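Undergrad: What follows is a single structure, and I will ask about it in a moment.
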Amino acid sequence: RSRGIERLQMRSFALGALIMIVLLVSGAVIAASGVAGKAIENVATVLAMSAPPLAIGTAVLRYRLYEIDRIINRTLTYALLTAGLGATYVALVVGLQALLRPITGSNDAAIVVTTLVVAALFLPVRRWVQAAVDRRFNRRTYDAARTIDAFSARLREQIDLDTLRYDLLAIVDETMEPARASLWLRDPEVRR
């Protein structure tokens, strides 16, 4: 029942399963005939067991199953950024402690002070890196936040109600993408 990409993915997996069955049967037949013995059966079994994972890997990478390349890219980027930030933080703490050791000796207060100083200095850097990662990977959320901020700045300056209504509906459509949006306003002439 699958169509398009799903059919290609299933075809790749079916081919891997077919190769596995052919290799297992041929290995068993060769071993039973006694021509080459158990060694060829073992090689055929190893090749047969590696066929389905290779077919799944082909389906994932070639036919973009679950957009795995994007997930791997994000995972690697986040892991490298986290490792880099952690290594920088540790290097700064250890470096400051090494610089201050001749002045303070082996005082525990120096360790606490250097850790707090590095944490205070490091917080803006971490925020900057997090903003860069959000801009890169969560582009849709980042763009929506920027759009809403720009609208709120226009909202403070705008006094024309029709323009505001049009802008508000456009912003809601752009950021939230609803199927339908409408805005009901109370008539200013009618009092309760």
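The values are calculated or read from the model by the stated rules, or taken from the named source; none is laboratory data. Small disclaimer: the values here were computed from a predicted structure and weren't measured. Using ideal geometry, Cβ is built from the backbone for each residue, glycine included, and neighbour counts are taken over all protein chains shown. Note: areas computed on protein heavy atoms with side chains; ligands, DNA, RNA excluded. Shrake-Rupley method; radii C 1.70, N 1.55, O 1.52, S 1.80 Å.
Undergrad: I'm checking my understanding of the structure. Among residues of the range 134-192 that are among the hydrophobic types (A, V, I, L, M, F, W, C) and under 30 Å from Y78 (Cα atoms), which one is modelled with the highest pLDDT? Walk me through it before giving the result.
TA: Step one: filter the range 134-192 for residues among the hydrophobic types (A, V, I, L, M, F, W, C), giving 137, 144-145, 148, 150-151, 153, 155, 159, 161, 164, 168-172, 176, 179, 181, 183-185, 190.
Adding the requirement that they be under 30 Å from Y78 (Cα atoms) leaves 137, 144-145, 148, 150, 176.
Values: F137: 67, A144: 71, A145: 72, I148: 76, A150: 79, M176: 70.
Looking at the filtered set, the residue picked out is A150.
Undergrad: In addition: Residues of the range 10-26 being within 13 Å of I56 (Cα to Cα) and small (G, A, S), which ones?
TA: Within the range 10-26, S12, A14, G16, A17 meet the criteria.
Undergrad: Give all pairs with beta carbons closer than 6 Å in which a residue from the range 40-51 that is under 9 Å from L23 (Cβ atoms) meets a residue that is modelled with pLDDT of 85 or more and in a helix (DSSP H, G or I); count only pairs at least 6 apart in sequence or on separate chains.
TA: Short answer, once both residue conditions are applied: A44/L23; L47/L23; A48/M20; A48/L23; A48/L24; A51/G16; A51/I19; A51/M20.
Undergrad: Among the numbered conditions (1) hydroxyl-bearing (S, T, Y); (2) over 16 Å from V60 (Cβ atoms); (3) under 37 Å from the mean Cα position of the chain (by Cα); (4) modelled with pLDDT under 85, tell me where S33 comes up short.
TA: (3)
Undergrad: Tell me which residues, restricted to the range 165-180, are closer than 14 Å to F151 by Cβ and open to solvent by 50 Å² or more (accessible area, probe 1.4 Å). Before you say what the answer is, go through the steps one by one.
TA: As a first pass, look at the range 165-180 and keep what is closer than 14 Å to F151 by Cβ: 165-176.
Residues satisfying the conditions are R165, Y166, L168, L169, D173, E174, M176.
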